[in-house]
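One structure is given here, and the rest of the page talks about it.
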Amino acid sequence: MSDNSYSNKYDVIIVGAGPAGVSAAITCAKAGLNVIMLERGEHPGSKNVMGGILYRHPTEQIIPEFYKEAPLERHITEERVWLLSKDSAVTMGYKSKRFDEEPHNCFSVFRSKFDKWFAQKAVDMGVTLICETLVEDVIMKNGKVVGIRTNRDYGDLYANVIVAADGANSLIAARAGLHPEVRSNTLALAVKEVYSLDREKIEDRFNIDSEGGVTIELLGDATQGLMGTAFIYTNKDSLSIGVGAFISQLMKQKISVYDLIESVKTHPMIKPLLKGGETKEYLAHLIPEGGYRAIPKYCIDGLLLVGDAAMLVNSLHREGSNLAMTSGRFAGEAIIQAHSDGDFTAKGLSTYKELMEHSFIVQDLKKYKNTEKFFEEHMQFFTLYPQIADDAAYEFFKVDGIPKKEKQKIIWKQITNKIPSWRLLLDIYNGWRVVK
Amino acid sequence: MHSVVCIKQVPDTTEVRIDPKTNTLMREGVPSIVNPFDMHAVEAALKLRDEYGGKVTVITMGPPQAVEALRRVKTLGVDRTILLSDRAFAGSDTLATSYIITQAVKKIDSEDAVDLVLCGKQAIDGDTAQVGPGIATRLNMPLVTYVIDIDSVDTEKKTITLKRSVENGRTALCVEYPMLMTVLKELNEVRYASLPNMILATNFKAEVWNKDDIGAEMKNMGLDGSPTAVRKIFSPPVRECGEMIPHGIEQPDVAVHNLIEKLSHNKTI
C-alpha cells in the first residue's frame, strides 16, 4: 500500500489480538491473504489476562521454536496439586528432569509481554494491526456477516471472513446473535496478583534451578468451598497467584473474589511462600467455563468464533490459550480453503468445524461435558472431602502408639461419621465416571 | 495556511523510575510517547487547517525510533512528517536543538512558505521550555508562549488573535504571522483518530533529513554547539512530614499552649 491509498476491504478481519486472533492472523498471512487485526487495548496483551501458563506444542504449530526468542518467564519443571483445608495441605505432584530439557512442555509467561511479541510476528508477516480500537458491531448483508463497525470515524471495514477473537464477552458473537444469553453458571471470575519476590527467594522456596519453574494448583479451602480453583505460578522474579470461581456461586454465597484472593494469600500453607513480596499488579478476567454444552454455534456465513469467544476452555486441565491458539489456526486454515474455493458461507468455511471436531479441542470438552454439572451438584468435593483427606492424613502420619490396624479403623470411622460409606463410594464412582 | 509543528518523543514519565544509586533515569523498558503538550500543538494546527485550509507539517529530532512519534501524529491526519536524524545531532542541548530545528524550518519554508510554527509549552522530560523561544529568536519571528486560545485568523491581514495564560490571568493579543507559539493543554482536546488514518499510519514512511539536508554546521550542534553541561543529577530530599498538634477544636487553649511551647523550644519565637 502506498502512503496515501487506503482500502476498507480486506480478505480477513480479525477482532482481538490475543492468542486465538494472532494465530488465525499468522496462518492467513502465511498464505498471502490480506489481513487486518483490531485490538481494543493500547497494545496487544495490555488487556489480556490468563493464569500465566503457555504450552509449547500449540504455540510451535504457529511459530516453530518460538521459545528461542519469545519473552518467557520460566519453563515448568514441576507441577504440584495441593488439597487445602483450614490449616493443612494434602499434596501431590510431579517433578522431572525430562521437563528440564528442551523442548520444554510449558512456560510461565506475562501476557502483556508475550502477546505483544506474538502480535508483532503477525505484523512482520504483513498483517495490519490497529490498536486502541473497539469493534462495536457487525455489518450484515442478506443474513451474511460482511464487515465490522469500529468506534472510530469512518470506522467500517469489510472482508470475506470475520474472525471473532474478542474474548469471553464477545461483542461480535453477541451482535451476530450467537451468544443468546451469557449465564452466570458458565462464567468464572478469576483474579490474579503478580507478586514481586527476589529471584533467590523463589528458587529457594520452590526448590528450583535458575531457569526452572513450578506450578501449584490449589483445591478445597482455597476457594472457601466454592466450585473453583486457585493457583501459584513462578515467574523469574515474581509469583502469579490467583483464584477463580463460578460467578453464580460467588453471588449465591455472597463472597467477593477480592476476599477469596486475600484468604488464599493468608492461608497458613501459602503465606510463607509469599513472605517479603509485594503486589505489583492486580488483574481480573472472565473465563468461559461452561464446557462443551456452552459452546455456541461457531461457524456461520462470513463469521468464525475462536478461543474464549467460542467458549473454548478446558477448566479441569487449566487449558485455555492452548485451545485458543489451535482454534485460531484451524480458523485460518478454513479461511484459506474458503478463499481457494471462493465460498465464504458456513458451508465454505465448514473445514473449521471439521478440524475442530476431529481435534482434542472438541473431543476433550466433550469428554468432560458433565463435570461442571456434576461438581455443581456435588459440592462436597470442595468442602467435605478436603477436610476428610486432611483428617485421614493427619491420623495416618501421627505417631501415637496406636497400632496401624487400629489407626485404619479410626480413619474409616472418622470418614463414615461425616458421610455414609455408600455415599462416599457412589461419589467416587460418579466422580471417576465424569472424568474417565 | 501552512503550520509547522515541532514535537518531541519523550519517555512516559508516569512510568519512569530513577536509579537510587546513580540518580539517573532508568529508561529501559519505559514506553515512549509524544510529549503531551506537543499533541495539543498538533491539534491546534489541524484545527486551523480544518477551518482555513492549508497544510500541517510535523517535524521531530531524534534517533531513528523517534519515527514512532511521527506515526502517532500521522494517525491524526497530518500532511507531512519529517524526522531530523543524524549522529551529529546527538548530545545537543536546547541551544543546539533550536539551531537544528530552525535550519529545518528554513528549508521547509523555502519549499512551501511557513505561516505558523507551533510547539508545546515544554517537554515533560527536560522541562526547560527553551527550544520553542529559541527557534522564534533564530527565525526572527514574533513569539507568544503559553497560548490557551486561538480566537481567529485574518488571512488578509495575516494576523492571528489569541489568548495566553499569564501569572494572574490571561492576555489577548493580535499578532502578525509568520509567528511562533507554544501552547498549553487547555488550548484544545486532541482528536480521536479516524480509522482510515490509523490504517494509513501503519505503513507510512517519514522523510528523514540529516545535517547536510538542512545545511547545518558542525560547530553549532551536538556537543560542540552545546554550552550546557550537566554537572550532577540528584533527587531532591524527601520533605519530612509536619507535626500535627491535636485537639485544636475541643481544647484550643491546650493546643495553642503546646504550639507556643514547641515554637519557643526550637527558638522560632
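Taking θ as phi - 60° and the Karplus parameters 6.51, -1.76 and 1.60, the scalar couplings of the range A:45-55 work out to x, 5, 10, 9, 9, 8, x, x, 10, 10, 8 Hz in sequence order, x denoting glycine and proline. Here, the range A:187-288 is characterised by an Rg to Rh ratio of 0.99, where Rg is the alpha-carbon radius of gyration and Rh the Kirkwood radius.
Work out, step by step, the length gained on full extension between B:Cys174 and B:Ile249: first 0.36 nm times the residue separation, then minus their alpha carbon distance; give nm to one decimal.
Going from the current span to full extension adds 21.6 nm.
Residues of the range A:313-349 with the amide nitrogen closer than 14 Å to a label point 7 Å from the Cα of A:Glu357, along Cα-to-Cβ, please. Of the residues in the range A:313-349, A:347-349 have backbone N under 14 Å from the label point off A:Glu357.
By the rule of a C-alpha distance below 30 Å, with chain neighbours fewer than 8 residues away ignored, the lysines paired with A:Lys68 are A:Lys30, A:Lys47, A:Lys95, A:Lys97, A:Lys113, A:Lys116, A:Lys121, A:Lys192, A:Lys201, A:Lys236, A:Lys280. Restriction of the GluC sites (Glu not before Pro) in the range B:146-252 to DSSP coil positions whose beta-carbon has at most 12 other beta-carbons within 10 angstrom yields B:Glu156, B:Glu167, B:Glu189, B:Glu217, B:Glu240, B:Glu243, B:Glu250. Once you sort the root eigenvalues of the Cα gyration tensor of the protein assembly as shown as a ≥ b ≥ c, which label holds: rounded (a/c under 1.5), prolate (a/b larger than b/c) or oblate (the other case)? It is oblate, given that a/c is not under 1.5 and a/b is not larger than b/c. With a Förster radius of 30 Å applied to the C-beta separation of B:Asp224 and B:Val166, the computed FRET efficiency comes to 0.20. Amide H to amide H distances under 5 Å link A:Ser184 with no residue, where only residues 5 or more positions off or on other chains count and H is placed in the peptide plane. Annotation for A:Glu262 and A:Lys113: the two label points, set 7 Å from Cα along the Cα-Cβ direction, are 3.1 nm apart. Distance from the C-alpha centroid of the range A:299-363 to that of the range A:18-90: 17 Å, rounded to the whole angstrom. With a 10 Å cut-off around each Cβ of A:125-135, the average count of Cβ atoms from other chains is 2. For the range A:1-107, applying the loop criterion from DSSP together with a ceiling of 16 other beta carbons within 10 Å to the trypsin sites (Lys or Arg not before Pro) yields A:Lys86.
Once both axes come from the Cα atoms, what is the angle between helix B:36-52 and the longest principal axis of chain B, in degrees from 0 to 90, rounded to 10? Tilt relative to chain B: about 40 degrees. Within the set of other residues whose C-beta is less than 11 Å from the C-beta of B:Val42, count the net charge using Lys and Arg as +1 and Asp and Glu as -1. Overall, the nearby charge balance is +3.
What's the center-to-center distance, using Cα atoms, between the range A:104-124 and the range A:201-239 in Å? The range A:104-124 and the range A:201-239 have Cα centres spaced 21 Å from each other.
Rounded is the label for the range B:2-220. Its Cα gyration tensor axes, ordered a ≥ b ≥ c, give a/c under 1.5.
Within straight-line reach of A:Lys398, meaning a Cα separation under 16 Å, sit the following lysines at least 8 residues removed in sequence or on another chain: A:Lys407, A:Lys409.
What separates the Cα centres of the range B:234-255 and the range B:49-110 is a distance of 50 Å. Each other residue within a Cβ distance under 14 Å of A:Ile162 adds +1 if Lys or Arg and -1 if Asp or Glu, for a net charge of -1.
Just subtract the alpha-carbon distance of B:Thr128 and B:Lys262 from 0.36 nm times their residue separation and send over the number in nm, one decimal.
44.1 nm
For chain A, the longest principal axis of the alpha carbon atoms and the long axis of helix A:404-418 meet at an angle near 60°. In order along the range A:389-402, the phi-based Karplus estimate (6.51 cos²θ - 1.76 cosθ + 1.60, θ = phi - 60°) of 3J(HN,Hα) comes to 4, 4, 4, 5, 5, 4, 4, 4, 8, 6, 9, 9, x, 8 Hz; Gly and Pro are listed as x.
Can you give the local net charge around B:Asp112? Use residues other than it whose beta-carbon is closer than 15 angstrom to its beta-carbon, Lys and Arg +1, Asp and Glu -1. Net local charge, B:Asp112 excluded: 0.
What are the residues whose amide H is under 5 Å from the amide H of A:Ile139, where those residues sit 5 or more places off or on another chain and H is modelled from the backbone? Distant-sequence amide H within range of A:Ile139: A:Val146, A:Gly147, A:Ile148, A:Arg149.
The numbers here are math on the coordinates, done by the rules we state, and not lab data. Keep in mind that this is a model prediction, so the values were computed, not measured. We place every Cβ from the backbone using ideal geometry, glycine too, and count neighbours over all the protein chains shown.
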